[in-house]
Amino acid sequence: MREPYRIKVVEPLRRVTREERERLLREAGLNIFAVPAESCAVDLLTDSGTSAMSDRQWAGLMTGDESYACSRNFYRFRDAVRDVFGYPIVIPTHQGRAAEHLLFASVVKPGDVVPSNTHFDTTRANVEHQGAEARDLVVDEGLDPSCLHPFKGNLDPVKLDRAIREVGRERVPLVMLTVTNNSGGGQPVSIANVRAVREVCDRHGVPLFFDACRFAENCWFIREREPGWAKRSIKDIARELFSYGDGCTMSAKKDALVNIGGFVALKDAAWAEKITNLLILFEGFLTYGGLAGRDLEAIAVGLTEVLDEDYLAFRVGQVAALGEQLERAGVPIVKPVGGHAVYVDARAFLPHIPQSQFPGQALVVALYREFGIRAVEIGSLMFGSRDPKTGEPVYPRLELVRLAIPRRVYTNDHLRYVAESVARLFRERDRLRGLRITWEAPTLRHFTARLEELDAAAAPAAR
Ligand SMILES: Cc1ncc(COP(=O)(O)O)c(C=O)c1O
């Protein structure tokens with residue numbers, strides 16, 4: 001499919017030589033987070049906050065009412081959220097994790113357990129920050145990178161029922177359902193699954209909340225893959241999906257097509273009161289929550305645009321097309337391709353590099369050095385740890401490199417360049433070498449770690 005938009009404003013890309021990229025990588029300690037964005041030919045680090053806004057959104061910014069309280073943009077924002085999600089109380093925040101913090105700080109207590117299909121890192125961290133456990137209960141198919149199940153993001157209702165019984169209802173303040181399931185590869189959740197999860201929640205009297213960041217992409221998959229939904233509009237599907245919940249948190253940086261913003265939306269007035277008390281303390285007054293009036297306007301417009309079927313067909317199709325091109329070239333990827341990113345299986349790509357030598361990061365480094373493409377490692381650099389008792393290294397099951405596609409930013413031609421570059425690297429994979437960490441922070445080391453390349457001859461045996 002062709003891009004369903006034309007280009008009115010352009011942002012020039014700077015040409016960067018291989019020598020310059022080599023120097024920048026060296027200065028960055030082979031850490032892609034420390035490489036200047038301006039030196040990337042195609043930046044696929046994340047789809048979050050990187051969308052291109054439309055002419056209507058930019059025009060909306062000019063209508064920003066920057067009054068402290070009750071600006072007109074708040075009402076536009078509130079009504080747009082109500083219209084799609086159906087929850088009466090709408091609380092703006094500056095981004096998704098702020099919404100999570102306010103919700104969990106209000107309703108989660110130490111010793112609680114919050115089940116989810118898979119918690120995103122910030123959701124997990126915010127649950128744990130309250131002294132509670134974030135428990136992932138995705139269906140088994142969601143853990144198998146080659147399984148072709150259409151809804152690999154589903155939460156297993158049997159596991160959920162068992163977990164609530166085992167923990168006791170009083171220690172489960174809510175269930176979270178992430179749509180699409182980012183940490184599981186951007187895989188969708190079906191309406192049938194949401195109904196089944198709701199039934200379990202009702203049986204135990206536990207509220208159900210959505211982490212709704214990529215709700216429109218999830219609804220597109222429902223329309224494409226779930227029997228009975230092919231002829232319904234995306235908005236109808238969204239209304240149905242959210243009707244089974246008690247509320248949601250959302251990072252507007254994804255499916256509201258803006259660069260900053262988020263919200264909590266919910267039904268329960270008592271919970272809302274606790275949340276707004278914290279909101280005023282941490283984010284701002286009830287009608288702006290850390291955002292400018294113009295940001296609220298851009299979200300209101302973005303929430304309408306994201307439901308456009310031509311937009312979604314192109315969006316999900318562009319990501320799928322990148323996956324297909326890579327597959328045709330024999331590149332091992334996680335299947336089926338999710339809504340916002342293609343995940344390359346780095347262990348299968350570089351079988352000669354053991355996990356102890358960070359094959360995912362080695363691929364990320366090579367992609368940038370050779371082609372100026374920035375991707376992100378989701379593997380042993382991000383999630384590797386040491387056994388607290390033995391000190392032995394512990395590696396994650398999957399060693400992935402994520403190519404996350406910003407919304408409305410890159411053309412099909414840019415992504416063809418990405419596919420050809422990854423395919424070329426795959427043909428030359430034998431010359432890639434493993435890495436070694438030279439410095440790391442005690443937590444979240446992938447953001448700031450420094451690494452060096454192992455000399456082929458001197459490479460230590462796998463630990
Ligand atoms: C599923 C999911 N939930 C929550 C968040 C956090 O949102 P934010 O980055 O706006 O804080 C993200 C961000 O990537 C996400 O993917």
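Just the residues that are within 16 Å of the ligand (Cβ to nearest atom) and in contact with a Leu (Cβ under 8 Å, 6 or more places away or on another chain), please, taken from segment 87-100.
Within segment 87-100, the subset within 16 Å of the ligand (Cβ to nearest atom) is 91-100.
Listed by number, the residues that qualify are Ile91, Pro92, Thr93, His94.
Among residues that are of a type outside the set (Lys, Arg), more than 16 Å from the ligand (Cβ to nearest atom), crowded, with 17+ Cβ neighbours inside 10 Å and at pLDDT 95 or above, Val139 is included. Condition test on Phe263, is it surrounded by 19 or more Cβ atoms within 10 Å (Cβ to Cβ) and farther than 14 Å from Phe151 by Cα? So Phe263 fits the description; yes. If I go through segment 42-55 residue by residue, how many of them are away from the ligand (no atom under 16 Å from the Cβ) and touching a Ser or Thr at 6+ places or on another chain (Cβ under 9 Å)? Result for segment 42-55: 1. The number of residues in segment 148-171 that are in contact (Cβ under 8 Å) with a residue 24 or more places away in the chain, over 19 Å from Arg195 (Cα atoms) and not basic (Lys, Arg) comes to 2.
Just one of (1) touching a residue at least 60 places away in the same chain (Cβ under 8 Å); (2) more than 26 Å from Val306 (Cα to Cα); (3) among the aliphatic types (A, V, I, L, M) fails for Met53. It is (2). Which members of segment 115-135 meet the condition of being within 14 Å of the ligand (Cβ to nearest atom) and of a type in the set (D, E, K, R)? Once the filter is applied, which keeps residues that are within 14 Å of the ligand (Cβ to nearest atom) and of a type in the set (D, E, K, R), segment 115-135 yields Asp121, Arg124. Scanning segment 284-304 turns up one or more residues that are surrounded by fewer than 21 Cβ atoms within 10 Å (Cβ to Cβ) and of a type in the set (Phe, Trp, Tyr).
Remark: pairs (first residue in segment 245-264, farther than 26 Å from Cys201 by Cα and among the hydrophobic types (A, V, I, L, M, F, W, C); second residue near the ligand (Cβ under 10 Å from one of its atoms) and assigned to a strand (DSSP E or B); Cβ separation under 8 Å; 6+ apart in sequence or on different chains) = Ala252/Gly262; Ala256/Met250. Restricting Ile234, Ile222, Ile191 to those that are in contact with a Pro (Cβ under 8 Å, 6 or more places away or on another chain) and either within 16 Å of the ligand (Cβ to nearest atom) or at pLDDT 95 or above (or both) reduces the list to Ile222. For beta carbons closer than 7 Å, sequence separation of 6+ or different chains, a first residue in segment 427-445 that is touching a residue at least 40 places away in the same chain (Cβ under 8 Å) and within 15 Å of Gln361 (Cα to Cα) and a second that is outside any loop (DSSP other than H, G, I, E, B) and among the aromatic types (Phe, Trp, Tyr), the qualifying pairs are Arg429/Phe349. Pairs meeting the criteria (first residue in segment 194-213 and closer than 15 Å to Leu137 by Cβ, second residue of a type in the set (Lys, Arg), beta carbons under 6 Å, at least 6 apart or on different chains) are His204/Arg169; Leu208/Arg198. For segment 370-385, the condition holds for at least one residue, the condition being that it is of a type outside the set (Lys, Arg), free of Cβ contacts under 8 Å to residues at least 12 places away in the same chain and either in a strand (DSSP E or B) or touching a Lys or Arg at 6+ places or on another chain (Cβ under 6 Å) (or both).
Restricting to segment 399-425, what's the tally of residues that are surrounded by fewer than 19 Cβ atoms within 10 Å (Cβ to Cβ) and of a type in the set (A, V, I, L, M)? Give the steps one after another, and end with the answer.
Here is the first cut: in segment 399-425, the residues surrounded by fewer than 19 Cβ atoms within 10 Å (Cβ to Cβ) are 406, 409, 411-414, 416-417, 420-421, 423-424.
Still in the list and also of a type in the set (A, V, I, L, M): 409, 423.
Selection size over segment 399-425: 2.
Here Phe242 qualifies as within 16 Å of the ligand (Cβ to nearest atom), assigned to a helix (DSSP H, G or I) and crowded, with 19+ Cβ neighbours inside 10 Å.
The values are calculated or read from the model by the stated rules, or taken from the named source; none is laboratory data. Bear in mind that the values here come from a model prediction, so they are computed numbers and not experimental data. So basically every Cβ, Gly included, is an ideal-geometry build from the backbone, and we count neighbours across all protein chains shown.
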